C-alpha cells in the first residue's frame, strides 16, 4: 500500500491510502500529538461545566458580563470530544491577561488569541486538554453569537446534530492523532450549520 508522510506537531506520522493516520514503526502515540476521541454524550458534562463556571466567576469578578457552555458537550445527546468549552463574555478584554496567574492556579494555560482575533484562549490539560476557555469582549457579536447560534441550532434540530455526530466519529477514526485533519474535515459542515442558524435567527 502506497504511503505518504505528513508532519504533525513536529512529529512524523504515516497516512495510509485510506486516509488513516498511523505512527511510524516503533512510534509511541502517548508522547505525540493530541489524541482525537469522540465519545457518546456524557450527562456529567454539564456538571463539569458548572464547576468550572464557579471558578471562572471568582477570577473574572465584576469584569464578567455572562458565561456560557458552548461546543458539542453543551448539546444534550450529542457525541463529542470530552472537552468542556466555556465562553465568558467580559467588559474589558485587556483585563484578562493580568489574571493569567489566577487561571494557572486552577490548571489553565493562558494562550492569548491563539489564532482567533479578539479572543483570549486558555486550556487545561495541555495537548490532551479537558477544558477550553474562549473569552470575548461584550459587543463582539461576530464571535459570540456564532457560538451561541450554532449550539442552539443543534439543540433545536436533532437530525442535524445526529449528522454532525456521525461526521465527527468518522473523522476521529480517520485522523486519531491529527487534530488539524479532524478540524478541517468538519469545517464545511460547521460553516453550513452556522449559516443556517443565522438565517433562522434573522427570520
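Brief remarks follow.
- With respect to the conditions (1) in contact (Cβ under 8 Å) with a residue 40 or more places away in the chain; (2) in a helix (DSSP H, G or I); (3) over 16 Å from the mean Cα position of the chain (by Cα), residue 50 lacks only one, and its number is (1).
- Selection of the stretch 33-47 for residues being within 24 Å of residue 180 (Cα to Cα) and in contact (Cβ under 8 Å) with a residue 40 or more places away in the chain yields 33, 34, 35, 36, 37, 38, 39.
- Selection from the stretch 30-47 of residues that are surrounded by fewer than 16 Cβ atoms within 10 Å (Cβ to Cβ), at pLDDT 95 or above and part of a helix (DSSP H, G or I): 46, 47
- Of everything in the stretch 112-129 that is surrounded by 15 or more Cβ atoms within 10 Å (Cβ to Cβ) and in contact with a helix residue (DSSP H, G or I) (Cβ under 8 Å, 6 or more places away or on another chain), the residue that is farthest from residue 100 (Cα to Cα) is 119.
- In summary, helices (runs of 4 or more DSSP H) completely within the stretch 121-203 and bearing 1 or more residues that are closer than 27 Å to residue 106 by Cα and in contact (Cβ under 8 Å) with a residue 60 or more places away in the chain occur at 141-156, 179-202.
- Summed over the stretch 139-169, the residues that are more than 25 Å from residue 46 (Cα to Cα) and not assigned by TED's automatic domain parsing to the domain that holds residue 116 give a count of 0.
- Within the stretch 53-94, considering residues that are in a helix (DSSP H, G or I) and under 15 Å from the mean Cα position of the chain (by Cα), the one surrounded by the fewest Cβ atoms within 10 Å (Cβ to Cβ): 72
- Filtered residue count, the stretch 65-80, keeping only those that are closer than 17 Å to residue 132 by Cβ and in contact with a helix residue (DSSP H, G or I) (Cβ under 7 Å, 6 or more places away or on another chain): 9
The values are calculated or read from the model by the stated rules, or taken from the named source; none is laboratory data. Owing to the predicted nature of the structure, the values given are computational and were not obtained by experimental measurement. FYI the Cβ positions are ideal-geometry reconstructions off the backbone, even for glycines, and counts take in every protein chain you see.
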